[in-house]
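Visitor: This is the structure I want to talk about, given as structure tokens.
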Amino acid sequence: MALSFLLRNQMSSKGCIFKISDLVSKQALKTCSYGTLHQHAAVDKKSEPVSLLRNVKVSDLCSNQIRPFSTSNRLFSGKDSDHSTLWGAERVASAALLGLIPAMFVVPSQTVETLTAIITVMHCHWGLEAIFVDYIREKLFGPVLPKVSIIACYLLSIFMLAGLLNIIFNDTGLANTLRLFWKL
């Protein structure tokens, strides 16, 4: 970082030559700004090359003018919003559906059909919720419509799960219902 700082600001163009051994400390160079260096340095163009930081104290350089910059999610998100766990759960649910849908036809039982229905509803709910959150924003639609759309997403998921469980437990079952649709 110190090298990029030195190259970016081209301090040697002022007629000053300095060595790494002349610098006060690497930490001071990391936390100082170019303007701070020129405020405290005596640069004489006619005399021999002098070091910019020879007479500068570390406390003068570390004036906290530069704030730390980071684009990581940890600084901007709350402590309880770890989206990587949800992302992993979504991938596990998608992979489980690849095995459960054929298993529902090979081994027709209420347990496999119920598990398939629950994971299918979870998969659809996460997808719809992501669409509503991404595309129905407060900046575009105001504060009410995004909340209504999320409530509608939850209601749709509840009714979808209730309907699938009704087909599984009170009708012919999910696999047999799909077979009836395929015969049409």
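The values are calculated or read from the model by the stated rules, or taken from the named source; none is laboratory data. A quick note: this is a predicted structure, and the numbers were derived from the prediction, not measured. Cβ placement follows ideal geometry from the backbone for every residue including glycine, while neighbour counts extend to all protein chains displayed.
Visitor: Go through the stretch 167-180 and count every residue that is surrounded by 11 or more Cβ atoms within 10 Å (Cβ to Cβ) and out of contact with any Leu (no Cβ under 7 Å at 6 or more places or on another chain).
Guide: 8
Visitor: Quick check: anything in the stretch 138-152 farther than 24 Å from H83 by Cβ, surrounded by 17 or more Cβ atoms within 10 Å (Cβ to Cβ), out of contact with any Pro (no Cβ under 8 Å at 6 or more places or on another chain) and not acidic (D, E)?
Guide: Kept after step one, since they are farther than 24 Å from H83 by Cβ, are these residues of the stretch 138-152: 142, 144.
When the remaining residues are screened for being surrounded by 17 or more Cβ atoms within 10 Å (Cβ to Cβ), the result is none.
Looking for residues that are farther than 24 Å from H83 by Cβ, surrounded by 17 or more Cβ atoms within 10 Å (Cβ to Cβ), out of contact with any Pro (no Cβ under 8 Å at 6 or more places or on another chain) and not acidic (D, E), one finds none in the stretch 138-152, hence no.
Visitor: Taking the stretch 124-168 as the region of interest, how many residues are under 22 Å from the mean Cα position of the chain (by Cα), β-branched (V, I, T) and part of a helix (DSSP H, G or I)?
Guide: Here the count works out to 3.
Visitor: Across the stretch 100-109, which residue is surrounded by the most Cβ atoms within 10 Å (Cβ to Cβ) among those that are without any contact (Cβ under 8 Å) to a residue 60 or more places away in the chain and of a type outside the set (A, V, I, L, M)?
Guide: Step one: of the stretch 100-109, the residues without any contact (Cβ under 8 Å) to a residue 60 or more places away in the chain are 100-103, 106-107, 109.
Imposing the further condition that a residue be of a type outside the set (A, V, I, L, M) reduces the set to 102, 109.
Values: P102: 10, S109: 13.
Applying the filter and picking the extreme gives S109.
Visitor: Looking at this structure, is V133 in contact with a helix residue (DSSP H, G or I) (Cβ under 8 Å, 6 or more places away or on another chain) and either closer than 13 Å to L164 by Cα or surrounded by fewer than 13 Cβ atoms within 10 Å (Cβ to Cβ) (or both)?
Guide: Answer is no for this residue.
Visitor: Then there is this: Contact list please: Cβ distance under 7 Å, first residue in the stretch 110-122 and within 15 Å of L156 (Cα to Cα), second residue modelled with pLDDT of 95 or more and not aliphatic (A, V, I, L, M), pairs at least six apart or on different chains.
Guide: What qualifies is V121/S157.
Visitor: Which residues, counting only those in the stretch 71-113, are farther than 20 Å from W126 by Cα, modelled with pLDDT of 90 or more and polar (S, T, N, Q)?
Guide: Matches in the stretch 71-113: S109, Q110, T111.
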